[in-house]
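A short worksheet on the structure shown next.
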Amino acid sequence: MNIVMATGTFDLLHPGHGLYLKKAKELGGENSKLVVVVARDSTVMKKKRIPIINENQRLELIKMLKTVDEAYLGYEDNMFKIVKEINPDIIAIGYDQSFEIEELKKSLKSQNINADVKKVKEYRIADLDSSCKIIKKIIKTKFEKDQFKDC
């Protein structure tokens with residue numbers, strides 16, 4: 001059985017996340033195991049973004065998805081620590097994740113991690129196919145129609 005590891009923030013869960021995780025698991029072939037690592041709030045904030053949903057709730061949602069076999073929070077200080085613990089055969093990089101595949105492979109090798117790195121090529125294009133687009137629509141809708149005055 002191949003272990004596939006997928007990572008991400010998974011803020012404001014949407015169908016694009018589901019497709020990424022489904023396709024990531026498929027990279028491992030039949031009977032593969034999908035382990036998802038959810039980014040810590042502090043890690044997301046280093047990228048100059050404040051998550052809407054906190055890390056524990058994002059982890060809880062990911063664990064509820066039927067495609068996901070296991071899910072964990074990443075570490076704040078060392079991204080390779082969780083990779084060593086999971087020991088995946090494949091690390092799946094999402095369509096919109098900005099990892100440079102060859103550089104990541106070199107970094108993994110320097111850490112004595114023998115996982116293959118594969119990019120998920122499929123992407124669900126829709127009006128609201130990213131957490132940022134969802135946030136922008138909420139803000140625009142609120143100011144245009146004041147729909148959320150009773151929330």
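Partners of K23 within straight-line reach, counting lysines whose Cα lies under 25 Å from its Cα and excluding those fewer than 8 residues away in the same chain: K33, K63, K66, K81, K84, K105, K106, K109, K118, K119, K121, K133. Overall, the anisotropy analysis places region 39-108 in the oblate class: the square-rooted eigenvalues a ≥ b ≥ c of its C-alpha gyration tensor yield a/c not less than 1.5, with a/b not exceeding b/c. Karplus-derived 3J(HN,Hα) values for region 62-74, using 6.51 cos²θ - 1.76 cosθ + 1.60 with θ = phi - 60°, are 4, 5, 7, 6, 5, 5, 8, 8, 8, 8, 9, 7, x Hz; glycine and proline are entered as x. The order of L104, L21, going from fewest to most other C-beta atoms within 10 Å of their C-beta, is L104, L21. Compute log10 of I(q)/I(0) for the chain with the Debye formula, placing one identical point scatterer on every Cα and leaving out solvent, at q = 0.12 Å⁻¹, to two decimals. Evaluating at q = 0.12 Å⁻¹ gives log10 I(q)/I(0) of -0.53.
The dipole here belongs to the chain: it is taken about the Cα centre, uses +1 on the Cβ of Lys and Arg and -1 on the Cβ of Asp and Glu, and is about 360 debye. Taking Lys and Arg as +1 and Asp and Glu as -1, the other residues whose beta-carbon sits under 14 Å from that of E103 total +2.
In percent, rounded to a whole number, the relative contact order of the chain is 28, using alpha-carbon pairs under 8 Å and six or more apart. Its DSSP H runs of at least 4 residues, each contributing -39,500 (n - 2.57), put the calculated 222 nm mean residue ellipticity of the chain at -12000 deg cm²/dmol, to the nearest 500.
Here, each number is a calculation from the coordinates, and none is a lab measurement. All figures in this text were calculated on a predicted structure; none of them were measured in a lab. For neighbour counting, all protein chains shown are included, and Cβ atoms are generated from backbone atoms with ideal geometry for every residue, glycine included.
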